[in-house]
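The values are calculated or read from the model by the stated rules, or taken from the named source; none is laboratory data. Please read these numbers as outputs of a predicted model, since none were measured by experiment. We place every Cβ from the backbone using ideal geometry, glycine too, and count neighbours over all the protein chains shown.
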Amino acid sequence: MKEEPKGIKEYLDYCLETYYEKILEKHGFKLENQLMSGMAALYSFKNDRLRIDLVNDRGLIETRIASIYSNESYCDLDLLNVLIILKKEGKVSLDKQTLSTIPIKRLSLRDIAELLNLNMELIRELFSKENFLQTNKFLNVIGERRAEILFRKWIKKK
């Protein structure tokens, strides 16, 4: 494996090549846009149903995903991971009891690449024209629950 480069664009290129390139190619994503500005760099990819952005903002890499039907309402992949876990377990309720049993953790780039690779068909279904509105609602509920958990932990530490 190559040494991690120092520049913003170079580091994003390194992460793209190391974690995402083969997955994006495998699932028919094409480069749609690239933007380099100051301390930030962005690559936007698109296939027939999804958009994926890779962003390097001052050295922090963020991966965002959206339905092509959603006016670019991108979702947090940490929240998408929880929704995928729930779907695979056959849980359709998003009550506090159900959500309290699912870990909401920060995913590494390797974890995100694996999530995309292993679950692309389910992700495509979740973000289909018929399902993306419901998916966004579920992701909002999961996000609110994560905020409650984080806020409660933050309050306890003070």
Single unsatisfied condition, L107 versus (1) modelled with pLDDT of 90 or more; (2) out of contact with any Asp or Glu (no Cβ under 6 Å at 6 or more places or on another chain); (3) within 16 Å of R146 (Cβ to Cβ); (4) surrounded by fewer than 19 Cβ atoms within 10 Å (Cβ to Cβ): (2)
Members of segment 2-54 found to be crowded, with 16+ Cβ neighbours inside 10 Å, of a type in the set (D, E, K, R) and either part of a strand (DSSP E or B) or in contact (Cβ under 8 Å) with a residue 24 or more places away in the chain (or both), listed by number: K46, R49, R51, D53
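Let's see how each residue does on (1) modelled with pLDDT of 95 or more; (2) within 22 Å of Q134 (Cα to Cα); (3) touching a strand residue (DSSP E or B) at 6+ places or on another chain (Cβ under 9 Å); (4) among the hydrophobic types (A, V, I, L, M, F, W, C):
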{"residue": "K6", "(1), (2), (3), (4)": "no, no, no, no"}
{"residue": "E32", "(1), (2), (3), (4)": "yes, no, yes, no"}
{"residue": "M36", "(1), (2), (3), (4)": "no, no, yes, yes"}
{"residue": "N47", "(1), (2), (3), (4)": "yes, yes, yes, no"}
{"residue": "I68", "(1), (2), (3), (4)": "no, yes, yes, yes"}
{"residue": "V82", "(1), (2), (3), (4)": "no, yes, no, yes"}
{"residue": "K87", "(1), (2), (3), (4)": "no, yes, no, no"}
Positions within segment 58-69 being without any contact (Cβ under 8 Å) to a residue 60 or more places away in the chain and either in a strand (DSSP E or B) or not β-branched (V, I, T) (or both), in sequence order: R58, G59, L60, I61, E62, T63, R64
Residue match in segment 122-135 (condition: in contact with a helix residue (DSSP H, G or I) (Cβ under 8 Å, 6 or more places away or on another chain), part of a loop (DSSP other than H, G, I, E, B), surrounded by fewer than 17 Cβ atoms within 10 Å (Cβ to Cβ) and at pLDDT below 95): yes
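For (1) in contact with a helix residue (DSSP H, G or I) (Cβ under 8 Å, 6 or more places away or on another chain); (2) in contact (Cβ under 8 Å) with a residue 60 or more places away in the chain; (3) under 26 Å from I8 (Cα atoms), each residue gets a yes or a no:
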| residue | (1), (2), (3) |
| --- | --- |
| N56 | yes, no, yes |
| K87 | yes, no, no |
| S93 | no, no, no |
| L107 | yes, no, yes |
Verdict on I102 being closer than 24 Å to L150 by Cβ, modelled with pLDDT under 95 and among the β-branched types (V, I, T): yes
Given (1) in a strand (DSSP E or B); (2) in contact with a helix residue (DSSP H, G or I) (Cβ under 8 Å, 6 or more places away or on another chain), index of the condition T98 fails: (1)
